[in-house]
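Below: one structure, written as structure tokens.
What follows draws every value from the coordinates through simple rules; no lab data is involved. These figures come from a predicted structure and were not determined experimentally. Neighbour counts run over all protein chains shown; Cβ positions are idealised from the backbone, glycine included.
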Amino acid sequence: MTPRGYRVTFFQIALGRIAQYRAATEADRPARLATARAAVARIGKGASRCPASRSWLAIARADLLVATGEPRKALRTLDQDEIIHDPPAPAIAYEKARVRARAYRDLGGAADARRYALAAVVVAEEEGWPHRAGWIMAEFPDTRAADRHRTTNTASMTAGRQTGGRGSIP
């Protein structure tokens, strides 16, 4: 059995292998796909006993399905993971939202893709993960405008409170 602490590392490795598959040349794709599948399978060893590991496995499987052109199946895979994490698991919420955004984008659902991408950005911002928010904004460029708008509104509200302007709190 794989020690619990290593399973999240295996998840990160699997995501890296899936990214390598996405970036591979046509000639390299079969080998990269085999490596990605093996990395995802490794997460499954011992996952049945740990709710977080089951979620990591579902997310990795879904991401691989998106990468191989099966976004509907990916969404069904994510829907089957109904685990409520206590304590909360923001990294799982972030990754689920990111994979859902990819699946909807590949299905042509731009509005749903944007909504899930923004959900991932919100989780990243709340957790203090600017690099993860940046990953989403790089992959889903239409989230950048929304992020600037949100930042501007927050700055305006803060400035209004400090100066006693409109919207200030007495």
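In region 49-145, which GluC sites (Glu not before Pro) fall in coil by DSSP and have 14 or fewer other Cβ atoms within 10 Å?
On the way: sites: E82, E95, E125, E126, E127, E139; in loops: E82.
Within region 49-145, the qualifying GluC sites (Glu not before Pro) (loop, at most 14 other Cβ atoms within 10 Å) are E82.
Tell me, what ³J(HN,Hα) does each residue in region 31-45 have, in order and in whole Hz, if you take phi through Karplus 6.51 cos²θ - 1.76 cosθ + 1.60 with θ = phi - 60° and put x for Gly and Pro?
For region 31-45, the Karplus-derived couplings read 5, 5, 5, 4, 5, 5, 4, 5, 5, 5, 4, 5, 4, x, 5 Hz, x marking Gly and Pro.
At R29 and D106, where each label point lies 7 Å from the Cα along Cα→Cβ, what is the point-to-point distance in nanometres?
My value for the distance between the label points is 1.2 nm.
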